[in-house]
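Asks: Let me give you the structure first, and then I'll get to my questions.
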Amino acid sequence: MKLYSPLFQSRFLLIIVIISATVASLIHFPELISLFVTYEPFSLFPGMKPQDVGFEIGFTFISLLILFAVNALIFRFGTKGMKTGVGRIAFSFVVTWILSSGLGRFFIYLHQHFDIPAIDALAHHYLHPLRDFIITCIVTGSCYIIYLVRRQQSYQLENEQLRAENLQNQYEALKNQLNPHMLFNSLNTLRSLVRESQDKAQEYIQELSRVLRYTLQGNDTQKVPLSGEMEFVNAYIFLQLMRYEDNLRFEIRVDEQLRDKQVPPMAVQLLIENAIKHNEISNRRPLVITIRTEGGEWLSVCNRIQPKMTGESTTGIGLANLNKRYELLFQQQIVVEKTGDVFCVKIPLL
């Protein structure tokens, strides 16, 4: 049988060794005190020598380690989902008491036949049953406490695993909403371009394939380098400029030293799409979108507020989706600012 238990893991082994050494010393505390009594008639253990006490403490220490090891098998700490009830605790108590008594007799046998140093005083022998009971209570109680601690740790680990899986599932659901949303908008743009110019439509399809390739590659990652995201953004901007031409302009000021910072995939693209969707873009009112890094910790996407004359329905994905992704994965939030007629969204650089 494989003896897998917390007793053989460094932290629990250290605890057991400390308990065993402490109990072995305290259980022989009367003998230790008697070593300092020099007047023989007042000694409870006449003729006792320091080496006798040392061997008694050492054998008790080894016996405690053996008892803990046996209880590790009884409680079966390493078995997942193992439950311990009153019956198992009672069984542990009886076995430990019998084994403790047997080990004590074995030590007496060694003393009598192999001259192992030991205490021969009558008072010492009278104390043996009480000591066996105390040792049994300590070992069984300690093992039950270890079982409770292990069970609590197991519950906490399972809860953390379930929480992580839940967060991952929520993240995947949010991310899977983005790709169809962007594809729907892109196809609408392509339909318009086909009517205007087939050459532009073909070029648009080529760039669109690059954009979609990036979105597919980003499905397996939670964050990407800012440099990779900006390459994708440039391809996406190309698609938008083909549609809006001079009516849409971009000002990009991204610090090259921040290229290794991380952002969620398609985060910057989503902010650009949000600005385009909710603002008027025309010869009368061209839209300028500014993308810049701020303070080494933020990237902002800003535009002048130019409400459309006709309202456009929204799916509610946009900023709420991005903010939720940041909360789930990185415990951070995006910042939305509206100053006068300028609208800005800032996302943390990870």
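The values are calculated or read from the model by the stated rules, or taken from the named source; none is laboratory data. On a predicted model such as this, the values are computed, not experimentally measured, just so you know. Neighbour counts run over all protein chains shown; Cβ positions are idealised from the backbone, glycine included.
Asks: How about the stretch 102-116: which of its residues are surrounded by fewer than 17 Cβ atoms within 10 Å (Cβ to Cβ) and at negative phi? Spell out the reasoning first.
Replies: From the stretch 102-116, those surrounded by fewer than 17 Cβ atoms within 10 Å (Cβ to Cβ) are 102, 105-106, 108-110, 112-116; that's our starting set.
Residues satisfying the conditions are Gly102, Arg105, Phe106, Ile108, Tyr109, Leu110, Gln112, His113, Phe114, Ile116.
Asks: A follow-up question, please. Hey, can you tell me all the residues within the stretch 272-318 that are polar (S, T, N, Q) and modelled with pLDDT of 85 or more? Spell out the reasoning first.
Replies: Initial filter on the stretch 272-318 (polar (S, T, N, Q)): 274, 279, 282-283, 290, 293, 300, 303, 306, 310, 313-315.
Asn274, Asn279, Ser282, Asn283, Thr290, Thr293, Ser300, Asn303, Gln306 - these are the residues of the stretch 272-318 that are polar (S, T, N, Q) and modelled with pLDDT of 85 or more.
Residue-by-condition table, conditions (1) more than 40 Å from the chain's Cα centre (by Cα); (2) buried (at least 19 other Cβ atoms within 10 Å of the Cβ):
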residue	(1), (2)
Met266	no, yes
Leu270	no, yes
Glu273	no, yes
Ser282	yes, no
Val301	no, yes
Lys324	no, no
Glu327	no, no
Val335	no, no
Phe343	no, yes
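Asks: Could I ask something else about it? Please verify whether the stretch 195-202 includes one or more residues that are modelled with pLDDT of 75 or more, more than 21 Å from Thr293 (Cβ to Cβ) and among the small types (Gly, Ala, Ser).
Replies: yes
Asks: Next up: For the stretch 134-149, which residues satisfy the criterion of being among the aliphatic types (A, V, I, L, M), buried (at least 18 other Cβ atoms within 10 Å of the Cβ) and over 18 Å from Ile62 (Cβ atoms)? Break it down into steps so the answer makes sense when it comes.
Replies: Kept after step one, since they are among the aliphatic types (A, V, I, L, M), are these residues of the stretch 134-149: 134-135, 138-139, 145-146, 148-149.
If we keep only those that are buried (at least 18 other Cβ atoms within 10 Å of the Cβ) too, we end up with 135, 138-139, 146.
Of everything in the stretch 134-149, just one residue is among the aliphatic types (A, V, I, L, M), buried (at least 18 other Cβ atoms within 10 Å of the Cβ) and over 18 Å from Ile62 (Cβ atoms), namely Ile146.
Asks: Something else: Considering only the stretch 9-23, how many residues are under 24 Å from the mean Cα position of the chain (by Cα) and either modelled with pLDDT of 90 or more or part of a helix (DSSP H, G or I) (or both)? Even if it seems obvious, please write down each step before you answer.
Replies: Step one: list which residues in the stretch 9-23 are under 24 Å from the mean Cα position of the chain (by Cα), which gives 9-12.
Right, trim to either modelled with pLDDT of 90 or more or part of a helix (DSSP H, G or I) (or both) and you get 10-12.
Of the residues in that region, 3 qualify.
Asks: Is it the case that Arg131 is at pLDDT 85 or above, surrounded by 15 or more Cβ atoms within 10 Å (Cβ to Cβ) and among the basic types (Lys, Arg)? Talk me through it step by step, then tell me what you get.
Replies: Working: at pLDDT 85 or above: yes; surrounded by 15 or more Cβ atoms within 10 Å (Cβ to Cβ): yes; among the basic types (Lys, Arg): yes.
The answer is yes for Arg131.
Asks: Any residue at all in the stretch 214-225 that is in the same structural domain as Val268 (by TED's automatic domain parsing) and either closer than 21 Å to Asn279 by Cβ or modelled with pLDDT of 90 or more (or both)? First the steps, then the outcome.
Replies: We begin by selecting, within the stretch 214-225, every residue in the same structural domain as Val268 (by TED's automatic domain parsing); these are 214-225.
Filter once more, so that each one left must be either closer than 21 Å to Asn279 by Cβ or modelled with pLDDT of 90 or more (or both): 225.
Within the stretch 214-225, one or more residues are in the same structural domain as Val268 (by TED's automatic domain parsing) and either closer than 21 Å to Asn279 by Cβ or modelled with pLDDT of 90 or more (or both).
Asks: For the stretch 244-268, which positions are among the aliphatic types (A, V, I, L, M) and assigned to a helix (DSSP H, G or I)?
Replies: Taking the stretch 244-268 and keeping what is among the aliphatic types (A, V, I, L, M), we get 248, 252, 254, 258, 263, 266-268.
Scanning the stretch 244-268 gives Leu258, Ala267, Val268.
Asks: Looking at the stretch 172-194, which of the residues that are within 20 Å of Val268 (Cβ to Cβ) and of a type in the set (A, V, I, L, M) is modelled with the lowest pLDDT? Write out each step before concluding.
Replies: Of the stretch 172-194, the ones within 20 Å of Val268 (Cβ to Cβ) are 174-186, 189.
From the residues that got through so far, the ones that are of a type in the set (A, V, I, L, M) too are 174, 178, 182-183.
Numbers: Leu174: 54, Leu178: 51, Met182: 62, Leu183: 69.
Residue satisfying both the conditions and the ranking: Leu178.
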